[in-house]
Amino acid sequence: MELLEKLNWRYATKAMNGETVPQEKVDKIIEAARLAPTSSGLQPFEIIVITNAKVKQQIRPVAWDQSVITECSHLLVFAAWDTYTAERINYMFDLTNNIRGFKNEGWENYRQQLLNSYPQKDTEENFNHAAKQAYIALGIAMVAAAYEKVDTTPMEGFDAEAVDKILGLKEKGLRSTVMLTLGYRAPKEDWLDDLEKVRKPIEDLITLID
């Protein structure tokens, strides 16, 4: 119930007060995102954590001039791989083997299946698949933030190419997918603050097949 209460408390905050989120809380939120499940365990994305005021100011005009970008404590940019490569796939499989301390025949066979599949696919198809994995991490980060009583605003409303250029993501083989602000709400400036949360009734959302 405690988690559900905190999820009911959270909303897409429209105005933040500029207060800094304690690093301990930020670390927990990022760690939760790191622990998110991803397809084949590849984690095909990186999270760019921005606290630099000048960089936030550069991003704000290419993100519908949303004030929370410059008002937030931390701006997280979830940047997906631009495609799957043999090098990226092998890195994660080798990392798994090193951490677990052994090689598994079935696991190595699965590695070959992925190597024979992803790198041969269309780049845009691979990026779209990687972006979906980044969204899983985004969701878990938002849940973790709510648990820590940190406000968030998820954002798709931005010029991805412009953000990529500002952050130099193309050179890293990354493309910005979605952004998340971390901070604290400014109730007097936020028109959503005192409004009731609206969600579909459970019977309109869930279909039970038993």
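The values are calculated or read from the model by the stated rules, or taken from the named source; none is laboratory data. Keep in mind the model is a prediction, meaning the values are calculated, not measured. Neighbour counts are summed over all protein chains in view; Cβ atoms, including those assigned to glycine, are modelled from backbone coordinates with ideal geometry.
Restricting segment 52-92 to residues that are touching a Gly at 6+ places or on another chain (Cβ under 9 Å) and of a type in the set (Phe, Trp, Tyr), the residue that is surrounded by the most Cβ atoms within 10 Å (Cβ to Cβ) is Trp81.
Condition check ((1) in contact with a Pro (Cβ under 7 Å, 6 or more places away or on another chain); (2) of a type in the set (A, V, I, L, M, F, W, C); (3) modelled with pLDDT under 95; (4) within 22 Å of Met179 (Cβ to Cβ)) across all residues:
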position: Gly18; (1), (2), (3), (4): no, no, no, yes
position: Arg34; (1), (2), (3), (4): no, no, no, yes
position: Ile50; (1), (2), (3), (4): no, yes, no, yes
position: Gln57; (1), (2), (3), (4): no, no, no, yes
position: Arg60; (1), (2), (3), (4): no, no, no, yes
position: Cys72; (1), (2), (3), (4): no, yes, no, yes
position: Val77; (1), (2), (3), (4): no, yes, no, yes
position: Thr83; (1), (2), (3), (4): no, no, no, yes
position: Asn90; (1), (2), (3), (4): no, no, no, no
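Here Pro61 clears all of (1) under 30 Å from Val198 (Cβ atoms); (2) assigned to a helix (DSSP H, G or I) except the condition numbered (1). In the set Val26, Val55, Val21, only one residue is part of a helix (DSSP H, G or I), assigned by TED's automatic domain parsing to the domain that holds Arg199, β-branched (Val, Ile, Thr) and closer than 15 Å to Lys149 by Cβ; that residue is Val26.
Any residue that is under 26 Å from Ile48 (Cα atoms), at pLDDT 95 or above and out of contact with any strand residue (DSSP E or B) (no Cβ under 7 Å at 6 or more places or on another chain) - is there at least one of those in segment 104-121? Checked segment 104-121: at least one residue is under 26 Å from Ile48 (Cα atoms), at pLDDT 95 or above and out of contact with any strand residue (DSSP E or B) (no Cβ under 7 Å at 6 or more places or on another chain). In contact with a His (Cβ under 9 Å, 6 or more places away or on another chain), assigned to a loop (DSSP other than H, G, I, E, B) and modelled with pLDDT of 95 or more - does that describe any residue in segment 38-46? Checked against the condition, which is being in contact with a His (Cβ under 9 Å, 6 or more places away or on another chain), assigned to a loop (DSSP other than H, G, I, E, B) and modelled with pLDDT of 95 or more, segment 38-46 yields at least one hit. Check Asn116, Asn128 and return the single one that is out of contact with any Lys or Arg (no Cβ under 9 Å at 6 or more places or on another chain) and under 20 Å from Ala162 (Cα atoms). Answer to the selection: Asn128. Residues that are in a helix (DSSP H, G or I) and surrounded by 15 or more Cβ atoms within 10 Å (Cβ to Cβ) within segment 140-164 comprise Ile140, Ala141, Met142, Val143, Ala144, Ala145, Ala146, Tyr147, Ala160, Ala162, Val163, Asp164, listed in sequence order. Of all residues in segment 180-196, none are modelled with pLDDT of 95 or more, of a type in the set (Lys, Arg) and not in a strand (DSSP E or B).
Against the definition (within 30 Å of Glu125 (Cα to Cα), among the aliphatic types (A, V, I, L, M), touching a residue at least 40 places away in the same chain (Cβ under 8 Å) and crowded, with 18+ Cβ neighbours inside 10 Å), how does Ile47 come out, yes or no? No; evaluated as a whole, the condition is false for this residue. For the condition part of a helix (DSSP H, G or I) and either assigned by TED's automatic domain parsing to the domain that holds Ala32 or within 30 Å of Leu3 (Cα to Cα) (or both), what is the one hit in Asn126, Asn109, Asn97? Among Asn126, Asn109, Asn97, only Asn126 is part of a helix (DSSP H, G or I) and either assigned by TED's automatic domain parsing to the domain that holds Ala32 or within 30 Å of Leu3 (Cα to Cα) (or both).
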